[in-house]
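Here is the structure we will look at.
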């Protein structure tokens, strides 16, 4: 079969399965998740065997140690996947909720019913646990899924796919509800993102390069997460202790995460009070610092920040620091150089915090809290399919709700429209 | 100036204006709308003069009478535009609403604040009143707008643009909050839909061809309205009077609208009771009928429906009729051939209506009501920027809310994240 017909068949099957999933009961979906957990437990020895193949191929291909680590499955990680399935089963089912049912002058009632998106395509890199993660969240939200994992995880993903399939069949849900592509052909991605007749939305999970490429070529809506160039602004009316703790936490809790602070903005009137202590704390932790001229004047250890630095998500122990004249300058800087992901103000001034919340154009705006909180679990969603930097549809951390849509429903009793 | 730099300047100005609009007060936005209404009143004689030019050019270019009618501005239509501005001023402002503020285990509160999308690009055909319509809805929802009207309405649109600008300036809002492109170069559209750095969403208003072209080429999210191939399904447990009235209304209220019924599905057990009367009513109104074999057997005036017919939005006094074995066949037909716009069931059976609402994958699903109700005004939005057939973001009739987004806000008091 050609790739074209293979992908068309996958798409048709997903669309057909999505119709059945849309009317599946919560109980049936939860039972499928538990059955998948059992099937994964049963497949554990084979999964580890197949993962060894992926790891060997990965080493032979010269993957770096970070990639190999993401690829690795061991008992603890398989435990985590099984736990994840059970946890998704425990989440409330978003589907079927009816809201805003209002009575209108014509005599009809209209409201909105929460429904699945339909078919979700997920494209991700070499972490096999994403297969379970994505499949379980899509299933719970009533969506059929087409999964395309990184070719490095091919053998592991096929075993996981089988376990998913066993779980679905055991509760009489169509096994095509979750399809893991069994090809590593790159063209498959190209086809997946250009089949609007079969795929309703694409969620790419991976590096910026992957996401950018997919967004550019897709003919299907993409829920995407690009940069997390997050800022903390320390106002001249900040509490110094809170400012110190928040800035330190936002940068140094973890360096490779999208909600880490990459740029620190400090009001000039408070810079001498807060920056020296922060600078030495950052240097103690091994954080490389670059800054504006005024910041550089405060320590010989601070290099110059280029225009490029202000735009950069380092994803590393590096930070740019800028001293600003007032909050307006901070907001303008954030809206210009930031990535509209997560930005925080530290201030005790009520009016300023209110204005900052309104004017900063980011998916999460924090007041006196670390940017680290921008996370689906911290927001109480119980799960996260990703963080969206889009403004359309889902913005910020995306839980189950982000995988749903709302359709209008109208109740009449023979009503017709006159004019 | 090259088109490229002209469009970049327009984009930069829109982005800058959007920052100011996002923090404009409701009062300021409403005052701008009233000032625009006054300015339009003052410009009335000149607007009519310039519209005469457009009409003359249109006739010289050989536009058909329908297009010329849409292009025409007279006193009544200008009254309508002025009334529209005042009406948008009277709508509640969606911006700034904070909802779902929950207290989380970490001690933070997180919720969502409703915010403008930012910059909205609107591309439309030769109806100059859309200029006012689109500008007023975008302004009220705090968005900057870039408007590209059909070249046929160029002179009229420039006068309207001036009136808008006068209104904005009079309340100290940036006149770049609404920019009407002063070029008819087709390349301008190509540029407008590929500037994600300046434009957050595109709303095309016009024929299917325009919308399809824009969706394919856009690198910016598009809120689009494609076909309205709407169905009414008459169940075997339908009330015959309601069924007759609803089917007749859905088809014949107006033929050229997207919420008109294009296909009628009838349960075989009730076909002999309801179809003969409906068929003669349709024929009386001059509606051309095509149908499946069983339908054709009911009247010599019914032609055969081809596979293509089931997919077709006629936008005309023409209807396809199919007799189905049960509701499941009707739902499968709708989900396969329909355009996911608006579909209705007529039935007195509670369980069937509930299942139909869940299983029909359309932006509006009606129970015992005419498809004609699928409309922003009938839904109580007070205004409508269009009807979306997308599943992402806004689905169905789009009012002011569809031009907004929600960002997360987090309130802490020095909170940092431990793990």
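Taking region B:372-385 as the search range and keeping residues that are touching a helix residue (DSSP H, G or I) at 6+ places or on another chain (Cβ under 8 Å) and more than 9 Å from chain A (Cβ to nearest Cβ), which one is modelled with the highest pLDDT?
Only one residue tops the list, namely B:381.
With respect to residue A:226, is the statement that it is crowded, with 17+ Cβ neighbours inside 10 Å, within 14 Å of chain B (Cβ to nearest Cβ), part of a loop (DSSP other than H, G, I, E, B) and in contact (Cβ under 8 Å) with a residue 24 or more places away in the chain true?
On the way: crowded, with 17+ Cβ neighbours inside 10 Å: yes; within 14 Å of chain B (Cβ to nearest Cβ): yes; part of a loop (DSSP other than H, G, I, E, B): yes; in contact (Cβ under 8 Å) with a residue 24 or more places away in the chain: yes.
Here the answer is yes, as residue A:226 does meet what is asked.
Just one of B:235, B:239, B:217 is at pLDDT below 95 and either in contact with a helix residue (DSSP H, G or I) (Cβ under 8 Å, 6 or more places away or on another chain) or outside the structural domain of residue B:133 (by TED's automatic domain parsing) (or both); which is it? It would help to see each step written out before you state the result.
On the way: B:235 fails: at pLDDT below 95; B:239 fails: at pLDDT below 95.
Unique residue meeting the criteria: B:217.
Residues to consider are B:370, B:339, B:388; find the one that is in contact (Cβ under 8 Å) with a residue 60 or more places away in the chain, closer than 23 Å to residue A:416 by Cβ and surrounded by fewer than 24 Cβ atoms within 10 Å (Cβ to Cβ). Steps first, answer last, please.
On the way: B:370 fails: surrounded by fewer than 24 Cβ atoms within 10 Å (Cβ to Cβ); B:388 fails: closer than 23 Å to residue A:416 by Cβ.
Result of the check over B:370, B:339, B:388: B:339.
State all residues of region A:124-147 that are assigned to a strand (DSSP E or B) and either within 17 Å of residue A:39 (Cβ to Cβ) or at pLDDT 95 or above (or both); if no residue qualifies, say none. Quick ask: steps written out before the conclusion?
Pass one, region A:124-147, residues assigned to a strand (DSSP E or B): A:124, A:144-147.
Of everything in region A:124-147, those that are assigned to a strand (DSSP E or B) and either within 17 Å of residue A:39 (Cβ to Cβ) or at pLDDT 95 or above (or both) turn out to be A:144, A:145, A:146, A:147.
Restrict the check to region A:305-316 and report whether at least one residue is within 14 Å of another protein chain (Cβ to nearest Cβ), part of a strand (DSSP E or B) and touching a residue at least 12 places away in the same chain (Cβ under 8 Å). It would help to see each step written out before you state the result.
Just the residues of region A:305-316 that are within 14 Å of another protein chain (Cβ to nearest Cβ), to begin with: A:311.
Filter once more, keeping what is part of a strand (DSSP E or B): none.
No: region A:305-316 contains no residue that is within 14 Å of another protein chain (Cβ to nearest Cβ), part of a strand (DSSP E or B) and touching a residue at least 12 places away in the same chain (Cβ under 8 Å).
Are any residues in region B:351-364 in contact with a strand residue (DSSP E or B) (Cβ under 6 Å, 6 or more places away or on another chain) and more than 7 Å from chain A (Cβ to nearest Cβ), and if so, which ones?
B:353, B:356, B:360
Residue check: is residue A:52 outside any helix (DSSP H, G or I), surrounded by fewer than 19 Cβ atoms within 10 Å (Cβ to Cβ) and assigned by TED's automatic domain parsing to the domain that holds residue A:196?
No; evaluated as a whole, the condition is false for this residue.
Could you list all residues from region A:395-419 that are facing chain B (nearest Cβ under 7 Å), part of a loop (DSSP other than H, G, I, E, B) and either within 18 Å of residue B:112 (Cβ to Cβ) or without any contact (Cβ under 8 Å) to a residue 60 or more places away in the chain (or both)? Spell out the reasoning first.
From region A:395-419, those facing chain B (nearest Cβ under 7 Å) are A:395-396, A:405-417; that's our starting set.
Of the ones still in play, those that are also part of a loop (DSSP other than H, G, I, E, B) are A:395, A:416-417.
The answer is A:395, A:416.
Could you tell me how many of the residues in region B:58-106 are farther than 22 Å from residue B:151 by Cα and assigned to a loop (DSSP other than H, G, I, E, B)?
10
Scan region B:158-173 for residues that are over 19 Å from residue B:128 (Cβ atoms) and buried (at least 19 other Cβ atoms within 10 Å of the Cβ) and jot them down. Before the answer, list the steps.
We begin by selecting, within region B:158-173, every residue over 19 Å from residue B:128 (Cβ atoms); these are B:169-173.
B:173, the sole residue that qualifies.
If you check every pair at least six apart or on different chains, which have Cβ atoms under 6 Å apart with a residue in region B:121-135 that is more than 20 Å from residue B:226 (Cβ to Cβ) first and a residue that is modelled with pLDDT of 95 or more and part of a strand (DSSP E or B) second?
Within 6 Å, the pairs are B:131/B:147; B:135/B:145; B:135/B:178.
For (1) under 30 Å from residue B:379 (Cα atoms); (2) within 26 Å of the chain's Cα centre (by Cα); (3) more than 9 Å from chain B (Cβ to nearest Cβ), each residue gets a yes or a no:
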site	(1), (2), (3)
A:323	no, no, yes
A:330	no, no, yes
A:343	no, yes, yes
A:349	no, no, yes
A:366	no, yes, no
A:390	yes, yes, no
A:393	yes, yes, no
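Can you name every residue in region B:2-26 that is under 30 Å from residue B:89 (Cβ atoms), out of contact with any strand residue (DSSP E or B) (no Cβ under 8 Å at 6 or more places or on another chain), outside any loop (DSSP other than H, G, I, E, B) and in contact (Cβ under 8 Å) with a residue 60 or more places away in the chain?
Correct list: B:12, B:16, B:20, B:26.
The rows are residues; the columns are (1) surrounded by 16 or more Cβ atoms within 10 Å (Cβ to Cβ); (2) closer than 30 Å to residue A:412 by Cβ; (3) touching a residue at least 12 places away in the same chain (Cβ under 8 Å).
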{"site": "A:62", "(1), (2), (3)": "no, no, no"}
{"site": "A:66", "(1), (2), (3)": "no, no, no"}
{"site": "A:75", "(1), (2), (3)": "no, no, yes"}
{"site": "A:81", "(1), (2), (3)": "yes, no, yes"}
{"site": "A:87", "(1), (2), (3)": "no, no, yes"}
{"site": "A:91", "(1), (2), (3)": "yes, no, yes"}
{"site": "A:97", "(1), (2), (3)": "no, yes, yes"}
{"site": "A:100", "(1), (2), (3)": "no, yes, yes"}
{"site": "A:103", "(1), (2), (3)": "no, yes, no"}
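For region A:288-311, what are the residues that are within 31 Å of the chain's Cα centre (by Cα) and surrounded by fewer than 19 Cβ atoms within 10 Å (Cβ to Cβ)? Steps first, answer last, please.
Pass one, region A:288-311, residues within 31 Å of the chain's Cα centre (by Cα): A:288-291, A:305-311.
If the condition is that a residue be within 31 Å of the chain's Cα centre (by Cα) and surrounded by fewer than 19 Cβ atoms within 10 Å (Cβ to Cβ), then A:288, A:306, A:307, A:308, A:311 are the ones that fit.
The values are calculated or read from the model by the stated rules, or taken from the named source; none is laboratory data. No experiment lies behind these values; they were computed from the predicted model shown. Quick reminder, even Gly has a Cβ in these numbers, built from the backbone with ideal geometry, and neighbours come from all protein chains shown.
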